[in-house]
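Taking it in order: structure first as C-alpha cells, then the write-up.
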Amino acid sequence: MLALEVPGGYDRILLHSCCAPCSGAIIECMLQNGLRPTVFFSNSNIFPRDEYELRRQEIVRYAAEFGLEVVDDDYGHGDWLQCVRGLEREPERGARCLECFRFRLMRAARYAAENGYQVLTTTLASSRWKDLDQVNEAGQWACDQTGGAVLWWDQNWRKGGLQPRRSEIIREQNFYNQNFCGCEFSR
C-alpha cells in the first residue's frame, strides 16, 4: 500500500474526479490510508452531454460503494468553450489542456474554499495521457486563487502500484472506459 502524506496533515480533502477509471485506485488508496475524500465531478469539457452523463453515473456508482459523497458541479460547456477559444487546434498536452485543467481545477478550488475543504487533489494526475507538470501548474494556480484557504496536493497518482491497480479496478468494476479525454477537440 502506498503511504500518503496529505499537505498540512489535513483530513478535509476534495478529490476532483475526471472519471471513474482514473478515480478507482486513488479512492481505494485514500481509504486504505484512512482518508475519506469528497469526490468533485467537474468536467464541463466533456462533450456531448450524453458522454458527460455516462461518465458522471460511473463515478457516482463507484463512490456509492464506499459511502463517499459526490458533488456534481454545474455542466458549463459553453463557458469551457470560451475558456479554450483559439486553442481548438492545439495538440494533446498543449496549451488547450493547460487552460482546461485551470478551468476545472479553479471550480474545484472555489468549491473547496467555500465549503471548508483544506486540500484539493485531482485524478487527472493518474492518467499517463496527461502532462503531470500541467496538472500541477493548474492545480497550484487554482489553489493560489483561494488566498491560501486551500492547499494543492501534487500527489503523483501513477506511482506506488496505482497504475496497475487502476487497470484491475477497471476490469473488476466493468467501468465504461473511454478512449479520449472528453473534449470534442481531442477525438
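The values are calculated or read from the model by the stated rules, or taken from the named source; none is laboratory data. Source: prediction; values computed, not measured. Reconstructed Cβ throughout: ideal geometry from the backbone, glycine too, with neighbour counts over all protein chains shown. What goes into the accessible areas is simple: the full protein's heavy atoms, side chains included, and nothing from ligands, DNA or RNA. Shrake-Rupley method; radii C 1.70, N 1.55, O 1.52, S 1.80 Å.
Residue count for segment 128-187 under the criterion of being of a type in the set (Lys, Arg) and open to solvent by 80 Å² or more (accessible area, probe 1.4 Å): the result is 4.
The residue list 118, 178, 140, 134 contains one member that is closer than 20 Å to residue 59 by Cβ and among the polar types (S, T, N, Q), which is 178. Only strands (runs of 3 or more DSSP E) whose full extent lies in segment 36-148 are considered here, and the ones with at least 2 residues that are aromatic (Phe, Trp, Tyr) are 38-41. The residues on offer are 116, 161, and the sole one that is out of contact with any helix residue (DSSP H, G or I) (no Cβ under 9 Å at 6 or more places or on another chain) and on the phi > 0 side of the Ramachandran plot is 116.
When 53, 5, 92, 28 are checked against the criterion of being open to solvent by 20 Å² or more (accessible area, probe 1.4 Å), within 19 Å of residue 180 (Cα to Cα) and either modelled with pLDDT of 95 or more or among the basic types (Lys, Arg) (or both), 53 stands alone in meeting it. Residues in segment 61-81 that are hydrophobic (A, V, I, L, M, F, W, C) and free of Cβ contacts under 8 Å to residues at least 12 places away in the same chain: 64, 81. Candidates in segment 8-17 are the residues that are open to solvent by less than 20 Å² (accessible area, probe 1.4 Å) and not small (Gly, Ala, Ser); of these, the one that is farthest from residue 72 (Cα to Cα) is 13. Close contacts from segment 144-158, counting a first residue that is touching a residue at least 60 places away in the same chain (Cβ under 8 Å) and on the phi < 0 side of the Ramachandran plot and a second that is open to solvent by 60 Å² or more (accessible area, probe 1.4 Å) and among the small types (Gly, Ala, Ser), with Cβ to Cβ under 6 Å and a gap of 6+ residues or different chains, come to 151/8.
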